[in-house]
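See structure below.
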Amino acid sequence: MADPPGCCSTCATSLLCPYSCQWITAKKEKRKGLRTTKYDCSWFLFLFCVFLFTLVWLYFAIIILNDFHNFNEFIFRERKLWLDWSLVLLIATAVLISYSSVLLILALCLQLCDQPLKLHWVHKILLILTALVVAAAFTGLGIKWAEEWKSARISLQATGPFLHIGIVGGMTLLAWPLASFIYHTRNKGLMVFLLLVYCAAMIALYLAPLGITSPCIMEESQLPPKPALVGHRGAPMLAPENTLMSLHKAVECDVQVFETDVMVSADGVPFLMHDEELTRTTNVQAVFPERAALNSTAFNWTDLQQLDAGSWFLERRPFPTVQSLSPGDRKEAAKQRIPSLEQILEAAKQSNISIMFDLRPENHSDYQNFVNVTLEVILQSGIPLQQVLWLPDGFREDVKQQAPGVHHVYGRKRLENEKEPGLHVNLPYQDMSSEEIRQYRQDNISVNLYVVNQPWLFSVLWCSGVSSVTTNACQVLKEMKHPIWLLPSSTYFMIWIVVDCVSFLIIIWAFILMK
């Protein structure tokens with residue numbers, strides 16, 4: 001069997017050796033009379049499926065980066081171990097996708113060179129392990145982090161048009177090895193089956209844009225105003241979270257609302273803290289080692305003032321941006337202490353920034369007293385009450401009576417026939433569809449979605465018409481003057497037709513040329 005034009009014996013050997021792990025020349029393979037059997041074809045099909053499986057997981061891995069800081073915090077609370085697990089995820093995913101990609105490219109090139117697809121048993125074992133690892137990753141995602149499936153659905157609104165073009169391009173390139181196989185196989189049934197499957201897949205892809213929807217497919221004139229930015233615990237990528245420095249950095253990022261969490265000390269002083277324990281964001285283990293595991297509310301204000309609330313930020317580097325801090329910012333971060341609500345309200349009043357907060361822990365036996373103490377501090381601070389956004393649901397009616405000027409934000413969708421004027425809702429971004437956001441906007445309901453860190457997600461929500469977003473990455477979203485992409489429907493229709501026509505012509509050309 002002669003080598004096809006342009007495929008020399010040396011090239012065929014260089015492809016055959018890493019795929020089959022047999023360091024002999026392609027000519028010797030021919031003399032042995034080896035051919036690609038049905039068993040070999042089944043392993044090639046398995047290789048192709050593993051490649052697609054890992055490719056889908058790569059897509060999911062990129063999408064869940066928006067929420068990965070929550071996963072890092074979860075691991076710390078459970079294991080007291082801080083690590084940026086997103087790096088582990090990306091490195092492992094890159095290894096798996098690279099391995100399956102290289103094997104698939106070798107197999108396709110061997111097919112074009114008319115060489116047998118004798119996959120070595122080592123590769124077979126590694127492919128099975130790859131499939132099992134990815135399957136385990138998907139299973140864990142579904143069990144422990146099910147909301148990320150909703151994130152993936154939202155991501156398709158940002159990537160759908162481009163994924164379609166990429167998949168059409170990849171399937172078009174498959175026409176070359178497919179044509180080579182069809183013209184060389186003697187199995188007519190297999191040939192007809194592969195042709196039918198390929199044609200059905202291409203027709204489905206050509207018509208796929210009929211089902212692709214995105215809020216960013218609109219005219220420029222229809223684009224809603226840019227959503228306001230709400231700093232999640234301030235600007236946690238630029239300063240230790242829930243500190244005065246974090247508030248000031250958020251102000252520099254043009255953040256309109258400082259979002260935080262309030263707790264009340266054992267002696268009745270409201271202070272800023274997200275976690276029920278102090279171990280993640282302070283040096284409590286060094287100062288009070290015997291009390292480190294206690295709830296934050298078990299400490300009095302004098303004890304809390306002794307804690308360092310900034311050095312952990314420099315040591316653990318919760319975000320990659322910590323490495324790029326200036327020497328001055330590093331020095332300031334190291335000096336941060338736990339701020340009281342009174343201090344934060346004064347800073348917010350001077351900076352003319354609103355403050356939105358939750359009061360924790362909701363299940364505390366003395367929660368009503370927490371509400372009263374917090375309200376007292378707010379009323380005594382002198383901050384305009386319209387700058388205070390109240391999130392806690394507990395004793396909300398009492399708050400409305402004692403401080404009628406406070407804006408109330410609800411962590412739920414509006415109730416049926418709800419008529420409250422100027423309603424504000426605060427929800428995870430996964431919980432509202434683009435259609436719901438548009439409807440709320442038409443009904444003059446303010447919608448804040450959290451936590452939005454990636455530009456692609458911010459773009460989708462911007463096009464949908466959301467009022468504001470809570471973010472860790474205010475310094476990134478501040479610089480966005482426009483969604484990542486915006487296409488009029490007529491332009492998208494033209495791109496769709498051109499891509500499909502070019503793909504069809506290339507496929508026809510591939511089959512004619514290979515014949």
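For first residues located in region 238-253 and within 13 Å of Trp312 (Cα to Cα), partners that are among the aliphatic types (A, V, I, L, M) and part of a helix (DSSP H, G or I) and lie 6+ apart or on another chain with Cβ distances below 7 Å form the pairs Ala239/Met245; Ala239/Ala333; Pro240/Ala333. Every residue in region 241-266 that is farther than 20 Å from Thr279 by Cα and either part of a strand (DSSP E or B) or acidic (Asp, Glu) (or both), please. Within region 241-266, Glu252, Asp254, Val257, Phe258, Glu259 meet the criteria. Does Asp398 meet the test of being assigned to a helix (DSSP H, G or I), surrounded by fewer than 16 Cβ atoms within 10 Å (Cβ to Cβ) and in contact (Cβ under 8 Å) with a residue 12 or more places away in the chain? Yes, satisfied. I need the full set of residues from region 95-141 which are of a type in the set (Gly, Ala, Ser) and touching a helix residue (DSSP H, G or I) at 6+ places or on another chain (Cβ under 7 Å), in order please. Once the filter is applied, which keeps residues that are of a type in the set (Gly, Ala, Ser) and touching a helix residue (DSSP H, G or I) at 6+ places or on another chain (Cβ under 7 Å), region 95-141 yields Ser100, Ser101, Ala107, Ala131, Ala137.
Counting only helices (runs of 4 or more DSSP H) that fall entirely inside region 107-225 and contain at least 2 residues that are without any contact (Cβ under 8 Å) to a residue 60 or more places away in the chain and within 23 Å of the chain's Cα centre (by Cα), the qualifying elements are 121-144, 147-173.
If I filter region 333-387 down to residues being among the aliphatic types (A, V, I, L, M) and in a loop (DSSP other than H, G, I, E, B), which single residue comes out as nearest to Ala266 (Cα to Cα)? It comes out as Ile338. In this structure, does Trp496 turn out to be within 29 Å of Glu241 (Cα to Cα) and in a helix (DSSP H, G or I)? No, not satisfied. All of Val192, Val168 fail the test of being open to solvent by 70 Å² or more (accessible area, probe 1.4 Å) and not hydroxyl-bearing (Ser, Thr, Tyr), apart from Val192. Quick check, is Glu252 modelled with pLDDT of 95 or more, buried (at least 24 other Cβ atoms within 10 Å of the Cβ), charged (D, E, K, R) and within 26 Å of the chain's Cα centre (by Cα)? It is false that Glu252 is modelled with pLDDT of 95 or more, buried (at least 24 other Cβ atoms within 10 Å of the Cβ), charged (D, E, K, R) and within 26 Å of the chain's Cα centre (by Cα).
Within region 205-216, can one find any residue that is at pLDDT 95 or above and crowded, with 24+ Cβ neighbours inside 10 Å? Yes, that holds for at least one residue.
Taking the criterion of being within 35 Å of the chain's Cα centre (by Cα) and of a type in the set (Gly, Ala, Ser), would at least one residue in region 382-393 satisfy it? Within region 382-393, none of the residues are within 35 Å of the chain's Cα centre (by Cα) and of a type in the set (Gly, Ala, Ser).
A single member of Glu376, Glu420 is over 20 Å from Cys253 (Cβ atoms), at pLDDT 95 or above, in the same structural domain as Ala473 (by the TED database) and not basic (Lys, Arg), and it is Glu376.
Figure legend. Inter-residue proximity from region 279-298: first residues in a loop (DSSP other than H, G, I, E, B), second residues among the hydroxyl-bearing types (Ser, Thr, Tyr), beta-carbon distance below 7 Å, spacing 6+ or different chains. Indicated pairs: Asn283/Ser311; Ala292/Thr279. Here Leu238 clears all of (1) in contact with a helix residue (DSSP H, G or I) (Cβ under 9 Å, 6 or more places away or on another chain); (2) of a type in the set (A, V, I, L, M); (3) open to solvent by 20 Å² or more (accessible area, probe 1.4 Å); (4) in a helix (DSSP H, G or I) except the condition numbered (4). Under the condition of being hydrophobic (A, V, I, L, M, F, W, C), within 17 Å of Leu81 (Cβ to Cβ) and either over 32 Å from the mean Cα position of the chain (by Cα) or not assigned by the TED database to the domain that holds Glu241 (or both), the residues counted in region 285-302 number 1. When each of Leu278, Leu272, Leu345, Leu307 is tested for being open to solvent by less than 10 Å² (accessible area, probe 1.4 Å), touching a helix residue (DSSP H, G or I) at 6+ places or on another chain (Cβ under 8 Å) and farther than 30 Å from His407 by Cα, the lone residue that passes is Leu307.
All conditions but one from (1) among the polar types (S, T, N, Q); (2) open to solvent by 10 Å² or more (accessible area, probe 1.4 Å); (3) in contact (Cβ under 8 Å) with a residue 60 or more places away in the chain apply to Thr374; the one that does not is (2).
The values are calculated or read from the model by the stated rules, or taken from the named source; none is laboratory data. On a predicted model such as this, the values are computed, not experimentally measured, just so you know. Note: ideal-geometry Cβ built from the backbone for every residue, glycine included; neighbour counts use all protein chains shown. For accessibility, only protein heavy atoms count, side chains too; no ligands or nucleic acids. Shrake-Rupley method; radii C 1.70, N 1.55, O 1.52, S 1.80 Å.
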